[in-house]
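In what follows, a structure is listed as structure tokens, so that the remarks can point back to it.
The values are calculated or read from the model by the stated rules, or taken from the named source; none is laboratory data. Just so it is clear, the structure is predicted and the values come from calculations on it, not from any experiment. Positions of Cβ are generated from backbone atoms using ideal geometry, with glycine treated the same way; all protein chains shown enter the neighbour counts. Accessible surface areas use protein heavy atoms only, side chains included; no ligands, DNA or RNA. Shrake-Rupley method; radii C 1.70, N 1.55, O 1.52, S 1.80 Å.
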Amino acid sequence: MTAELALGTYRCRAIPEAAVRAAASGARWIDTAPNYATGRAHDLLAPALTAHPSLRIATKAGYFTAATGADAVNAGVFTEDQAVVGHSLAPQFVRWQMARNREQLRRERLDLLLPACCRPPPPALSPPLATG
């Protein structure tokens, strides 16, 4: 396995500038998510991705901002109750979020989509612990 230079945008304060600098430094990948930068990371990355089409993009599906939840309700993907949770891997939401990711990133396809699934299940759905 060979390591490659990449840019991660989690908590990045200057995403457009960092993406341009990463591309100029030889980075081939940018890791991001639709909920980074309070939901603006993809829009902030789009110009750099357009200017550097060889950059590959890794993004995620699952977590979402309140604004994205409201958009999903307006699109008929969520009920209002579902939109307040902040996370979903329901198939209809993942499909909708993937299309939205492509649109925001101005890409016809995503190079890598990771499910953001780090939340533990609610206690009612967790299996009981063995005692003993």
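In region 23-39, how many are out of contact with any Asp or Glu (no Cβ under 8 Å at 6 or more places or on another chain) and in contact (Cβ under 8 Å) with a residue 24 or more places away in the chain? Walk me through how you get there before you give the answer.
First, pick out the residues of region 23-39 that are out of contact with any Asp or Glu (no Cβ under 8 Å at 6 or more places or on another chain): 23-26, 30-39.
Now restrict to residues that are in contact (Cβ under 8 Å) with a residue 24 or more places away in the chain: 23, 30-39.
Selection size over region 23-39: 11.
Applying the selection to region 1-24, what residues are part of a loop (DSSP other than H, G, I, E, B), farther than 20 Å from GLY86 by Cα and open to solvent by less than 50 Å² (accessible area, probe 1.4 Å)?
Residues of region 1-24 that are part of a loop (DSSP other than H, G, I, E, B), as a first pass: 1-5, 9-14.
Now drop any that are not farther than 20 Å from GLY86 by Cα, which leaves 1-5, 12-14.
Result: CYS12, ALA14.
From the list ALA90, ALA72, ALA37, ALA48, exactly one residue is hydrophobic (A, V, I, L, M, F, W, C) and in contact with a Phe, Trp or Tyr (Cβ under 8 Å, 6 or more places away or on another chain). Which is it?
Step by step, each of ALA90, ALA72, ALA37, ALA48 is checked, and only ALA72 is hydrophobic (A, V, I, L, M, F, W, C) and in contact with a Phe, Trp or Tyr (Cβ under 8 Å, 6 or more places away or on another chain).
Going by what's in this entry, would ALA27 be described as in contact with a Leu (Cβ under 8 Å, 6 or more places away or on another chain), within 16 Å of LEU112 (Cβ to Cβ), assigned to a loop (DSSP other than H, G, I, E, B) and open to solvent by less than 40 Å² (accessible area, probe 1.4 Å)? Working first, answer last.
On the way: in contact with a Leu (Cβ under 8 Å, 6 or more places away or on another chain): yes; within 16 Å of LEU112 (Cβ to Cβ): yes; assigned to a loop (DSSP other than H, G, I, E, B): yes; open to solvent by less than 40 Å² (accessible area, probe 1.4 Å): yes.
Considered against the rule, which asks whether it is in contact with a Leu (Cβ under 8 Å, 6 or more places away or on another chain), within 16 Å of LEU112 (Cβ to Cβ), assigned to a loop (DSSP other than H, G, I, E, B) and open to solvent by less than 40 Å² (accessible area, probe 1.4 Å), ALA27 comes out as yes.
Check off (1) at pLDDT below 95; (2) within 23 Å of ARG40 (Cβ to Cβ); (3) among the aliphatic types (A, V, I, L, M); (4) out of contact with any strand residue (DSSP E or B) (no Cβ under 6 Å at 6 or more places or on another chain) for ALA116 and give me the number that stays unchecked.
If we test ALA116 against (1) at pLDDT below 95; (2) within 23 Å of ARG40 (Cβ to Cβ); (3) among the aliphatic types (A, V, I, L, M); (4) out of contact with any strand residue (DSSP E or B) (no Cβ under 6 Å at 6 or more places or on another chain), just (4) comes out false.
Name the pairs: first residue in region 62-86 and at negative phi and free of Cβ contacts under 8 Å to residues at least 24 places away in the same chain, second residue open to solvent by 60 Å² or more (accessible area, probe 1.4 Å) and of a type outside the set (Ser, Thr, Tyr), Cβ to Cβ under 6 Å, at least 6 apart or on different chains?
Cβ pairs passing all conditions: VAL73/GLU80; VAL77/GLN92.
List the pairs whose first member sits in region 94-105 and is under 16 Å from ASN74 (Cα atoms) and free of Cβ contacts under 8 Å to residues at least 60 places away in the same chain, whose second member is among the aliphatic types (A, V, I, L, M) and surrounded by fewer than 16 Cβ atoms within 10 Å (Cβ to Cβ), and whose Cβ atoms are under 8 Å apart, counting only residues at least 6 apart or on separate chains?
TRP96/ALA75
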